[in-house]
1. Just checking, does the range A:194-212 include any residue being outside any loop (DSSP other than H, G, I, E, B) and of a type in the set (Gly, Ala, Ser)?
2. Taking the conditions exactly as written (within 30 Å of B:Gln351 (Cα to Cα) and modelled with pLDDT under 95), does B:Arg265 satisfy them or not?
3. Tell me whether the range B:342-350 contains one or more residues that are under 31 Å from the mean Cα position of the chain (by Cα) and of a type in the set (D, E, K, R).
4. Tell me yes or no: at least one residue of the range B:11-21 is within 12 Å of the ligand (Cβ to nearest atom), farther than 30 Å from B:Tyr251 by Cα, crowded, with 19+ Cβ neighbours inside 10 Å and assigned by TED's automatic domain parsing to the domain that holds B:Tyr185.
5. Could you please tell me which pairs satisfy a Cβ distance under 7 Å, a separation of 6+ or placement on different chains, a first residue in the range B:34-50 that is closer than 16 Å to A:Arg85 by Cα and near the ligand (Cβ under 9 Å from one of its atoms), and a second residue that is in a loop (DSSP other than H, G, I, E, B) and among the polar types (S, T, N, Q)?
6. For the range A:402-425, name all the residues that are more than 9 Å from chain C (Cβ to nearest Cβ) and in contact with a helix residue (DSSP H, G or I) (Cβ under 6 Å, 6 or more places away or on another chain).
7. Give the range C:33-77 a look and list any residue that's within 16 Å of the ligand (Cβ to nearest atom) and among the aliphatic types (A, V, I, L, M), or say none.
8. Taking the conditions exactly as written (closer than 16 Å to A:Ser219 by Cβ, in contact with a strand residue (DSSP E or B) (Cβ under 8 Å, 6 or more places away or on another chain) and buried (at least 24 other Cβ atoms within 10 Å of the Cβ)), does A:Pro433 satisfy them or not?
Amino acid sequence: MPFFEQSAAEHLRNLETGEVSSVDLTRSYLDRIAALDARVGAFLRVDSEGALRQAAEVDAKRAQRRPVGPLGGLPVAVKDILCERGQPTTCASRILENFRPPYDATVISRLRAADAVLIGRTNLDEFAMGGSTESSAFQVTRNPWDLERTPGGSSGGSAAAVAAGFAPLAIGTDTGGSIRQPAGLCGVVGMKPTYGRVSRYGVVAYASSLDQVGPFGQSVEDVAMLLEAIAGHDPRDATSLNEPVPAYTKEVGLPLANLRVGWVREHFGQGLDADVEAAVRAALGVYESLGATLHEISLPHAKYAVATYYVIAPSEASSNLARYDGVHFGHRTNEKEMLAELAADRKQLETACDRQGLDRLDSALVRMYRRSRSEGFGPEVKRRIMLGTYALSAGYYDAYYLKALKVRRLIRQDFDRAFGQVDLIAGPITPAPAIKIGELAGDPLAMYLLDIYTVSANLAGLPGLCLPCGRSAAGLPIGLQLLAPPLAEARLLRGARMYEQATTWNTTHPEL
Amino acid sequence: MSETYTTIIGLEVHVQLATDSKLFCGCSTRFGAEPNTQTCPVCIGMPGTLPVMNRRAFELALRTAVALDCEIPAFTKWDRKQYYYPDLPKNYQISQYDLPMSQHGHLDIRDPKGAFATKRVRILRAHLEEDAGKSLHDEVAGKGDSLIDLNRTGTPLLEIVTEPDLRSPLEAKTFLSELKLLLTYIGVSDCNMQEGSLRVDANINLHIPASSTDPPRPGCPSDQGKHTIATPIVEIKNMNSFRAVERALEYEAGRLWHEWQETHRKLGEVPKLTRGWDDVAGVTRGQRSKEESSDYRYFPDPDLAPVTVSPAEVELVRGSLGELPAALRARLQDGFALSSYDADVLINQGQAVVVYFLEVAESAGDAKAAANWVTQDVLRVLKETNTTLDSLGLPAARLAELIRQIKLGDVPGPRAREVFQAMIERRVDVAAALESLGIAAVDESELIALASKLLAANPKTISDVRAGKAQAVGALIGQAKKQNPNIDPTRFREICLQLIETAL
Amino acid sequence: MSLSRVEVEKVALLSRLRLSDAELDTITADLAKIVGYVDQLAEVSTEGVEPMAHAIEITNVFRDDSSSESLPREEALANAPHHDTRGYLVPAVLGE
Ligand SMILES: [Zn+2]
C-alpha cells in the first residue's frame, strides 16, 4: 500500500517501531504535495522547512527516548483560519493577506504539544463563508475525485488534502457543515465536535455561536486520535466546556450494543438525489445487519434550519467582521487616493451647490473604512455582512434575528426529544454529490439550500460526523452523517467505527 | 425666572471599577502609561481572540448595585453595541442592553444648607461594560492624523443611569458628590475625574407651564390633560468636574429657556441634540451627530456566558457592605453630635478611618475630641507620611488613652501634639511617650506655688488686673512657661486671676 | 418582503461597505431573494419560546482579576497598516 493511502494510526505505529522516521514521512508528503497539489490546489502555503524541522525534533525525541506526544511526528494540515504566531493567517481573504498574529490558537498550541508536524495551510471559502471553497480570494480547490468539481467547503482545502493523500490528518472548522460536508464530498472522515468541546481561541470567528474546530482523517480511528489531541477546556474561551476528555482512541474500537439508530422522516423528501438516498438507505441496512435497531423519527422544525442559520450566522458575522477596518490590522486603502477622491467629490458638490450632498459626504475616516473593507472582502463575505447587518438593524431585529433565535431553540428541542428515543441519528450529508466548479455561481440561495442537512447540528450545538458510504453513478463519494447528543463524541465515534469496519468505502482512493 | 419653568435633569455616570486587570483580558488598568503599552491581542480585538470576564469586575458592579438598592435580576447577559470608531478596535462595545445586571435603585440626597429638601433620586439601571480607547488629536498640526491609544480599551466601567428626578444643577452636583462618597466608601472605584475614572453626561430639558398661548396640541396625546410643556432634551458632554456639571447645567437651562421663547419647539419636534461643555468659555456648543449612528444593532454577545445571581448571593453582598454613608452620617450626627461637615470628612476617608474613629470615640468617651484628633492630626500624618492606618502604629486604643489623659490633666494640653507625635514615631503608649519627652504632669499645688511666686515678684501685674486689664496676666504665663514647660497655661491663668481676686 | 435599493444603500453604510452601482444591483436582488426565503420563519409559532443565543447554554464563566504581561508595543503595532512608534494613525477623527 503506498504511504499516502495508509492511515495516521498505521503511520504512528511505524513511527513508534522505528520503521519510518518523521522526517522521511514528512518528506514523502511534501514531495507528493509538490508534485500534485498544482492540480488540486488544497494548500495556500506549504511550510517545508518548518515541517521538516519539527519532524527532526520529534525524531530526536524518539532517539533520545524522551516522551513523545500522541501525534508524535504525524503531518497535520491546518485550515488557514487558525492563528499561528508569526505566520500568515489569511482566512483566504485579501483583507488579512499580510496579517501575522502575535499568538497561537489554542488548537495550534495543542497540536504542537502533541508533537504534530504542521505541514501547511489549507484553502477555504473566504472567512469560512461558503460550501465550495470557491469564495477563496486566492485560488480554486478541486475535488481529488473529479477535478472539475468542488471539494465542498468551507474546509475544502483540508478535505481535499486528506483525500488526495497530501496529509494523513487535517484540521477544519465547521459553522454550518464546513467539516462534515467537504468530508462527505471528498470521501474522507470529518467530525464537528460538540460546541465548546474544542477551544475557539485563535480561530478567526465567522459565527461565534456556531463555529467549532474539528478533525479530518482517512478513518474514524484517525479522527478520534486527532480529536483527543485538540479537545478540552480552555480558560481563554468562555464558551469552552469544562468537561473531561474521554480517551477516544481507546474507546473508538468498542462496538455499541443495543444501538438504536434514528432516521429522520424529513431528510428523505423532495430534492434528495437518488444515488445519495440509495447509499444512505443501504448504510441504514448495514447498521441493522450489525444488530442495531432502526427508528423513524421526526424533526418537525428541520425544514426551517437553513432559514434560521442564514439569519443567525450572517448576523454574528456582520459583527465579527466589523473589526477589519484598516486601522489596527489588515488591509487599508491607499490613503492618498482616498483623500484626493474626497477632495474631488467635495469640489464637485460645491460647484453644484449641492448642500444635501455635502452633508451626506462620507468623512475621510468613513471613506477609509468603506474603501478598505470593500477592497478587502470578496462578494460572498460582503453579501453575508449586508444580510446580517440588515437582520440586526432597527425595525428588523424582532422579525429576523430574535425570531431565528427562538426557532433555534425549537430545533434543539426537536433533537432533545429525538435523542430520548435513539442513540444516534443517521442520514445524508448533502442532497447530492459534489457540484461542478462555477455551477451555482450567481445563485447564492441555491448554494445555501445545500446546507439543509448540516446546519441543524451547529444550531443545536451537537456533535456530528461524516464518513464515506458509497459512490454515485459518476463515481463521486457519498457521505453518511451521524449525529449524537451533546458531548456524546465517544458514542458517535464508536458508532461510526462499527459501520466503517463493516464496509470498505474508506479503502479506495482517488487517482491523481 | 425660576418660577417660570422647572428644570428636569437626568444623569448618566460612567465609573471605572477598581480592578487590577481589564474586563476581558489580563492587561493592567493602571493610569498614565505610555500609549499602547498596556494592550494584548484580546483588547486590540485581533482576529480569533475571545473575551473572558473578570470576576472581580462583576463583584464590584454587584456591590455597587446593591449599595444603590437596585433590584438584581436572577439572569443577566452581555450584548454587543455596534458602531465604528477607531478607538473601539472590534467596532463593537461589549455592554448590556435589555437585561442589565441591576435596575430600579435609588440614592437619597440632601443639602446641608437646606437649598432643597432631602429627596430620593431613582436609579433606572446600572450595567457593566468595557471602556473604549482614546483618540489623541494633534491640535498644532490641526488637520493631520489622529493617534489611537488603546491602553484604556477594555477597562471595566459601570454605567449608572438616573431617572430624570433632579430639579436643579445644585441637585445634580449634590447627587454626584453623594454617589462619589458612596462608591469610594465601599471601595468600588476611586472616582478620580481627572483620570477619567468617573465621567458624567447629563440630559436636561425644561417643563414650562402651559399658558393660553400654548394650548395642548389637538391630536397629540402627550399634551392632553397636562399643564406643562416639555422642551426638547439636550445631552451635555465633556464636563470634567462636579462644578463643571453644575455650571454647564446652569448655562444650558438658561439657553433652553431662551431658545423656547424664540422657537416654541417642543419635545419630539426635533431629534435629541448633543452639546459639549466648554469650561473655559463657560458655554455649551452643538455637536454634529450622524443620523445613522443611533442604529447600534445590539445583540447578545455569543462569546460570553450569561451570569445568574441568586437572592442568597445578593444578601451576602448586602451583608458585606456594612453601614453605608447616609446611615453612618446620620449616626455620627445624632449619636456623636458631629457636624455634618465633620461627619463627611470622616466618611470621605473611607471605612477604615470611620471604624477607627468610632473606636477612639467610644473608648475615649469624647466624640468631639476624637473627631478633632482623627480628622486633623491622624489624617495629616497619614497624608504627610503617605501611609495607611494599619501601618501608622497608633492603635485606636492608644489615641483614646491620650484623649482621656489630656482631659484628666495628666497630659499637659500644650504638649499633647508632641506626645501624639512621639507615640507615632516611637510606636509607644502615652506613658512611654511622656517619659521619653520628659513630661511630667504639673499638679495644682505646684501651679499655685508658681503663680504666687511670680505675682509676688510682679506687683504691677496685680494692679493692672485690678484696674480691669486681665490680659496683663499674659506676661506671667510666658515667664511661668520658661520655668516649667509642662504647665497648662489656661489653668495657670485662671489660678493667677483667682489669687489676685482672693487677695483683695 | 421586498428590499428597496435605498434600504440596501443604508445597510451598506451601516456595514461600512462601498458598493458600485452594479454591485448594488446584484446585492439588492440577492438579498431580496434570501430575505424572501428567510421570511418563512414567520410561519413558525414561537410564542413563549425563549431565544437561544448560545449553542450550549452555560453560565457564570469568569477569570480571576490578575494582570498579565501585555504585548510589547512594537509587536502590538506590527500589523497596523499605518502607525508611528507610539500608536495607530487614522485620518483626523475631530468632528466625527
Ligand atoms: Zn489586553
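The values are calculated or read from the model by the stated rules, or taken from the named source; none is laboratory data. Everything numeric here is computed off the predicted structure, so don't read it as measured data. With ideal geometry, Cβ positions are generated from the backbone for all residues, glycine too; neighbour counts draw on all protein chains shown.
1. no
2. No: the conditions fail for B:Arg265.
3. yes
4. Taking every residue of the range B:11-21 in turn, at least one turns out to be within 12 Å of the ligand (Cβ to nearest atom), farther than 30 Å from B:Tyr251 by Cα, crowded, with 19+ Cβ neighbours inside 10 Å and assigned by TED's automatic domain parsing to the domain that holds B:Tyr185.
5. Between residues of the range B:34-50 that are closer than 16 Å to A:Arg85 by Cα and near the ligand (Cβ under 9 Å from one of its atoms) and residues that are in a loop (DSSP other than H, G, I, E, B) and among the polar types (S, T, N, Q), the close pairs are B:Cys40/C:Ser70; B:Pro41/B:Thr49; B:Val42/B:Thr49.
6. Of everything in the range A:402-425, those that are more than 9 Å from chain C (Cβ to nearest Cβ) and in contact with a helix residue (DSSP H, G or I) (Cβ under 6 Å, 6 or more places away or on another chain) turn out to be A:Phe415, A:Leu424.
7. Listed by number, the residues that qualify are C:Leu71, C:Ala76, C:Leu77.
8. Taking the combined requirement at face value, the residue does not satisfy it.
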